[in-house]
Each structure stands twice: as structure tokens, then as C-alpha cells.
1. Gap in Å between the Cα centre of the stretch 6-69 and the Cα centre of the stretch 178-232?
2. Roughly how many whole Å is it from the C-alpha centroid of the stretch 424-479 to that of the stretch 87-151?
3. What FRET efficiency would be calculated for the residue pair Ala428, His391, taking the C-beta separation as r and a Förster radius of 30 Å, to the nearest 0.05?
4. With label points built 7 Å along Cα→Cβ from the Cα atoms of Arg475 and Glu276, find their separation and express it in nm.
5. What pairs in Lys125/Lys202; Lys139/Lys349; Lys349/Lys456 have C-alpha atoms more than 26 Å from each other?
6. If the only charges are +1 at each Lys and Arg Cβ and -1 at each Asp and Glu Cβ, what is the size of the charge dipole of the chain around the Cα centre, to the nearest 20 debye?
7. Let me make sure I get this right: for the stretch 193-256, a, b and c are the square roots of the gyration tensor eigenvalues over alpha carbons, sorted descending. Under 1.5 in a/c it's rounded, otherwise prolate if a/b > b/c, else oblate. Which is it?
Amino acid sequence: MEILRTPEQIAPYLADTSGLHDAHCEAVYRPERIEEIGDVLAAARRRGVGVTLSGAHTATTGAALPYGGVLLATDRLDGLGPIEVAAGAEGRAHLSVEAGVRLATVQRAAAAAGWLYPPDPGESKATLGGNLSTHAAGKHGFHYGPSRRWVAGLTVILADGDRLELTRGGCVADENAILPLTTTTGRRIDVPLPTTPPPPVKHAAGYLGGPGRDAIDLFVGAEGTLGVIASATLRLAPAPEETLAGLLFFPNEASCWEAVVAIRDRARGATGPIEERWGTTILEYLDPLAVDLLRPELSPLPAGAAAVMVEQPTSRASTTARLAEWQEVTDALGGCDGAHIWARTAGEKEALAALRYRIPTEMNATIARTGLRKVSCDMAVPDARLLDYLHGARDLLRDGGVRAVGFGHIGDNHIHYNLLPEDEGELARARAVYDQLVDLALNLGGTVSAEHGIGKLKRSYLARMVGEAGIAAMRRTREALDPDGLLCPGNLFR
Ligand SMILES: Cc1cc2nc3c(=O)[nH]c(=O)nc-3n(C[C@H](O)[C@H](O)[C@H](O)COP(=O)(O)OP(=O)(O)OC[C@H]3O[C@@H](n4cnc5c(N)ncnc54)[C@H](O)[C@@H]3O)c2cc1C
């Protein structure tokens, strides 16, 4: 195990994109074997200090930043098993990974064998331990859903060093929402789960509970507060033979929003394998300001044009037919004739991805010039309230008077509005607008975090969403597993 103690060695572990400052810890422990996790936890327990967990530090909420105690980085636990295809069950394969395996490694291993690991939060250097702890989703979430459903098994080391070997379906909460866990030493822990149902949207804010809840779904998304994820067995999906990627333009926001709802509802309503029918695995939004960032490289478009990105899985035999169907759909929805970009070859897809990548890059460059930080939204609302949210958000952003670029996972009713303040006064206004957007999402039955989690940055919003009783229920869950609050102190609640 590597142990880092000097300020220079520790410094890289004290920053993420949250903009939170003053993180500090005594030492960073980097185990190379799962057994070493227990040693770090035992030493911290004896000394009564907290243990913050980290992977690649790409979280956006300060979740992996330590404020005292020690940091346990699982990024050197990089064991990767072979892909195992279930006998006689075409379309089912599993891959075992230790917590520090990078998302890019998983994606490469799966693709080389004709499979796909769908959760793709964009940061391919992120670790699977971090991805699962934040219940990461990303662009494929529209069709494939976020992380939980792709986890078939988990090995978790509890704060007291005891171990859980969980397989999906092996341990579920009873009718009173009590989860009867048994550790590998035979100890039984009855864990009371929260009972308030989560909002009916993509959701990554706090613990999932309720009767029938699978133990795996409690630890995925717990932001490191309930146990250390040491390894996981991931489910893989069959990779399509080919894909057709498209960037589709509409003359204004209103026509684009109507098109989104039509595409979303038609795609969700379709049945049968997606390669054999019209559909899309991603439905991503570029608002007019995001389109403006790309304008120099686009065909002429009306002022105020907005866009969506889609990706249709196909087979070699069906790509042309699927493209024709998409062209019919976009024409019927009033798309900007002749402006759409379709990518079929690897080179065309790379060029399209590079174009899309310019949006965050340009935004980051803009904000870097000011020395301030952007204020990024992660709220989502139920399907039926998407248009209410879009109209409400547009009004709040206009009244706030701070430049804001909106893009992201509109198929999940989840848009990352990025407010880009120019000075301290605008930063204060951006925070006030963010606050109003949180209220808007909650009033529409949504969530304060759809995929980035709560960390240390958004604790007050979690409390606003679930109320005092909800926080108290989550505390009871935590106390059953980590009574001294050793793991990731400060994440989710103080
Ligand atoms: C530019 C950018 C774009 C992004 N886009 C998306 C997106 O589209 N969708 C999306 O979902 N996310 C997105 N993210 C955030 C994404 O969730 C994180 O990047 C990733 O999931 C965290 O992985 P990590 O290894 O960096 O974990 P870290 O940041 O190191 O840690 C994240 C959390 O996991 C916990 N943790 C880490 N390892 C373990 C472990 N072994 N056991 C228990 N807990 C552990 C930490 O304590 C912390 O709470 C984006 C981030 C960036 C910077």
C-alpha cells in the first residue's frame, strides 16, 4: 500500500470541480489489495478519525474531498476479470472489476468482446468505485438507465472492517423497509431504510429505501457513506453492430422542445430490439447559446436555433433505412432543412463528438478568464412536467441576467444549465437563480440531483427535498452501518 504524507504528495487529492476550498487530511492511503482496506479502517477507528473515500476525484460536489482525518483512495485497486457470458442466455454477460478500474478500461474491454457497459458519465478516467458511489448516468441514460441496473454484485467493506458479498436479489428489504444484511463473518445487521418513495425521475440524491429494496441499490449512490466498494460485478449489454449519430437543428427553442417530447415519447413507447426499429439511446439538448458556441462550424442557421443529439443503434443491413426514417421524423417535426449533421463512419462520429466537446471546453475557458466558478444545475423533473420546467427555467434565467448555457440529458428531463458569472455580483445572482431553479424542480415533483449527487456542496438542497424527517431516516440507515460516522464525514448531511 502506498502512503502519502507530505503536502506536495497530498495536494492532488484535495481538489475537484466543485470549487470548494481548504480540503485537508493527514495522509492518503492507496491500497493495492482489498485486504488492506480493513487495515486503514481499523487504524482510523482506533484513533477516532474520519476516512474519506476517493477514486479519480472527478465528482463535481466535493464528495471525495476530505476535511480532516485520512483519505482512502481506491484508485490502485485495478483488478479486471474476464467477461463471462451466461450459459444459454444470449444477451447476458458480466465483468468483474475492482473499485479503481477506470471507466475507459471497462469500455475498452467490453467493446473488444462485442459488449457495452452503458453508464457513461463523460469522464472516462473516473473509477468504477466513484461511478457506482455517485450512481453515475451520462448520455446513454435515456435508453439504458443509470448505474444501478448495471450492477449484479458488490463486495463492500463496512466501517468496522466486516465484509458484505452482495448479489442482486440475494438480500432485499422486508415489508417494514428493514434490510437484513449478513456479513461474511455471519453477523446480522438489520438496516432501517428510508420509506419516502423517490421522485419518478433519474435521481441520485441520498439513500434509496422502501420495502423490497435490493441491498445493492442502497450502496450504489451512497456517496461512500455506508461502506467501501471494493469490487463489483457489472452487467453488460450487447453492443450494436453499427450506430448512426445525429445532431438535429430546430429553428427555435419552442420547436426544439416540442420535438424532444415527441421523440422521447415515441422512443419510450416503441418495443422490440432497438437495432431493429426506429429509436435512440441518447437524447441530448443544446440550447441556443450552446448552438451559438458551435456556429462557426455549422451550416447557416436562424438566430435562436436549438439542437438535439441522437444515436440510433443499427445493423449493417438497416442503417440506410433507419436514416431515412429519422429524416422523415425531423422533417415532420419542423427541423432546419439541410442543417442536420449525420455521422455514420468512425471518422464522422469522432468529428461530431469533438464538436460537442467544444461546448464544455468553451464554457470552461470563459469561466477560467474570470477566475470565478460556474454554477451548474443537475435537477430533473418527471416526464409530464418537462415543458413547465423549461419555460420556468428560461424565465428565471432571463430575469437573473447571468449568461447561462444549457445542454445535456433532456431525454431524462435533466438539463445542465451552466451559469457563467462575469464578476462577484453576478456570481451572487447566479447562486440566487440556482436556488430558484431548485424550488422550481421540487415544485414540479423533481429531484435536486439526477446524477452528480449531493456531496458537500448540495446538502441544504437534499434537506429541502426530503425534509427533516427524511434526513432523520437517512441518518438511521447510516447509524446502523457506521455508528461512529467514520466514512466520508460531511457527505449528504453534516
Ligand atoms: C466534466 C465532467 C462531466 C461529467 N459528466 C457527468 C455526466 O454526464 N453524468 C454523470 O453521472 N456524472 C458526470 N460527471 C460526474 C461523475 O459522476 C464523476 O466524474 C464520477 O462518477 C466519479 O468518479 P471518480 O472515480 O472520479 O470518483 P470520485 O470523484 O473520486 O468520488 C466520487 C464519490 O464516490 C466515493 N467513492 C469513490 N471511490 C469509492 C469506493 N471505492 N467506495 C465507496 N465510495 C467511493 C467518494 O467518496 C465520492 O463520494 C462529470 C464530471 C465532470 C468533471
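Please treat every number below as a calculation from the coordinates, not as lab data. As the structure is a computational prediction, the values presented were derived from the model and not from experiment. Here Cβ is always computed from backbone atoms with ideal geometry, including for glycine, and neighbour counts include all displayed protein chains.
1. Here the two parts' Cα centres lie 23 Å apart.
2. The stretch 424-479 and the stretch 87-151 have Cα centres spaced 27 Å from each other.
3. Details: r = 25 Å, r/R0 = 0.83.
Plugging the Cβ-Cβ distance into 1/(1 + (r/R0)^6) gives 0.75.
4. Distance between label points: 5.4 nm.
5. Numbers: Lys125/Lys202 23 Å; Lys139/Lys349 15 Å; Lys349/Lys456 37 Å.
Where the Cα-Cα span goes over 26 Å, the pairs concerned are Lys349/Lys456.
6. Here the size comes out at about 620 debye.
7. On the way: a/c = 2.92, a/b = 1.60, b/c = 1.83.
Cα axes put the stretch 193-256 in the oblate bin.
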